[in-house]
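The values are calculated or read from the model by the stated rules, or taken from the named source; none is laboratory data. Since this is a predicted model, take the numbers as computed values, not measurements. Every residue, glycine as well, gets a Cβ built from its backbone with ideal geometry; the counts of neighbours run over all protein chains shown. Surface areas here come from the heavy atoms of the whole protein model, side chains and all, with no ligands, DNA or RNA. Shrake-Rupley method; radii C 1.70, N 1.55, O 1.52, S 1.80 Å.
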Amino acid sequence: MKDNRTRVFLRPGSIAFRSQFSGFLTDEQSPFRDRYDWLQEERVVDELITSGIDAGSKEYARIIEYEGRISVLKMWVFQHLKDNGLLRTNASIKNLNLDDYQIVLKNSSASKREHGSYRPSGVNGVWLHSGEARDVFVGNYAENKTDGAVGCIQAAHNVSKLFYENKKPNPYVDQALINIGLKYDEIFKSIETQSAQLNKKLEQSKNEGFVFNEVESSGPKFYSMDFTCQYATQFVKLVHKFDGLCRLLATLYYGGELTRDEFHKSKTAYMSKLRNLFFEVSIQTKVLTKDDFNKSLHYEHWLNADEAMIETLAKIAVSGWGVVDDRVLVRKLQPRFAVSNVSEFKQSDADVLLQVNEKIRKAVTALNGVSNVNA
């Protein structure tokens, strides 16, 4: 019998999902990147539910995993239908039933090339030993909380969005990514320096005959990661580096080389640095990826800036974003990682951009003067 359901085309491996369960069935033609076979898992989950499985049992995680996957799959199907004009204007994702659609897995580029795209050969992730690193990695931030902290997971997703969603060149995004890279380097090098000093103390102690081995958790936890943005991966490396520092601090504390106050102050200081970085990234992403903000800041607008545009850019600068660095504006200074390589502007365009930036600085001075008078 002919299947008259609406066909939805998805590319195999196109959906990334952070799995919390590793015993699932797989299929090479799965829409999920880790080959999760949602159709076979659906049957397994139905059997588990029918058997009346206890919510505290190990297999219950399989049900939770399936429900999370289906929610994400529905989002993708809903977006496909929306993009192709196949939804009613009042359609809601809450009413979407996957049984009403025929999901077709199709790799449109497979027939055009000899080799497939790169994919991880296993599960990527990081082992963490300390509770402090776990807290920094996971975070506990929510929109309706005032005392929460943005974690590495949320910051990594945000910086990936900033990295990939800037389809057209935007100098403010370039400057934000450059600053993110600089702050990352500063914290990473600081942790390396502190770790080197602590390792030196341990080595000195060993040379004197007192051997105190570095501590490790009796139950370290593995966190999988599916980021393909280099900045996101760098964030994970930073938390892993912090985890190593926490282990060294604990080792020296238990060995009597550090006081309790020194132990906690050092951990708290670095936790604060990491959380501040992750929070700033999240705020910048939230603003810079807004359509009404991002679309008005592309280079094409700078190259054709009139007085109204210059006034707009000056107001943006005064609001806390500052004036874009001249080197960034003409692409003499570019983000460390980029979706694609871009060349510097030709001299005539560079001259125009620099002239516009100078006008922005003068407008900023004028706006600051008015603000000071009003104050």
Pick from Leu353, Leu245, Leu274 the residue whose mean-square fluctuation is largest in a GNM of the chain, springs joining Cα atoms under 10 Å.
Leu353
Dipole of the stretch 208-298 [Lys/Arg +1, Asp/Glu -1 at C-beta], most positive-end residue of Leu274, Gly219, Leu288
Leu288
Please compute the Kirkwood hydrodynamic radius of the stretch 145-232 from all pairs of different C-alpha atoms, in Å with one decimal.
16.9 Å
What does the net charge come to around Tyr253 if you take all other residues with beta carbon closer than 15 Å to its beta carbon, with K and R at +1 and D and E at -1?
-1
Relative to the compact-globule estimate 2.2 N^0.38 Å (N residues), the Cα gyration radius of the stretch 166-216 stands at a ratio of 2.00
Estimated FRET transfer efficiency when R0 is 45 angstrom, pair Leu105-Glu214 (beta carbons, to 0.05):
0.45
Simple spin-label estimate for Val72/Gln230, 7 Å along Cα→Cβ, in nm, reads 2.5 nm
Eligible aspartates and glutamates near Lys295 by straight Cα distance, threshold 15 Å, same-chain separation 8 or greater
Glu165, Asp174
From largest accessible area down, sort Ser130, Ser272; use a 1.4 Å probe on the protein chains.
Ser272, Ser130
What is the spread of the Cα atoms of the stretch 218-271 along each of their three principal axes, largest first, in whole Å?
42, 25, 11
Lys, Arg +1 and Asp, Glu -1 on Cβ, resulting dipole of the chain about Cα centre, debye, nearest 20
480 debye
Helix-only estimate, please: 222 nm mean residue ellipticity of the chain, summing -39500 (n - 2.57) across DSSP H runs of length 4 or more and dividing by its residues, to the nearest 500.
-18000 deg cm²/dmol
Charge dipole magnitude, Cβ of K and R +1, D and E -1 - the stretch 208-303, Cα centre, debye nearest 20
220 debye
Expressed in angstrom and rounded, the centroid-to-centroid distance over alpha carbons for the stretch 289-322 and the stretch 223-263 is 39 Å
What value in Å³ per residue do you get for the convex hull of the alpha-carbon atoms in the stretch 263-375?
155 Å³
Protein-only accessible surface order, largest first, of Ile153, Ile283 at 1.4 Å
Ile283, Ile153
Please work out the average accessible area per residue across the chain, using the 1.4 Å probe convention, and give it in Å².
60 Å²
Scoring only Lys, Arg, Asp and Glu (+1, +1, -1, -1) among other residues with Cβ under 12 Å from the Cβ of Arg134 yields -2
Per-residue accessible area, 1.4 Å probe, largest first, puts Trp127, Trp321 in the order Trp127, Trp321
Grab the eigenvalues of the alpha-carbon gyration tensor for the chain, scale each by 5, take roots, and send me the semi-axes largest first in whole angstrom.
39, 37, 19
Percent of beta bridges antiparallel (DSSP, the chain, rounded to nearest 5)
45 percent
For the stretch 246-375, the accessible surface attributable to carbon and sulfur atoms (probe 1.4 angstrom, ligands and nucleic acids excluded) amounts in percent to 51 percent
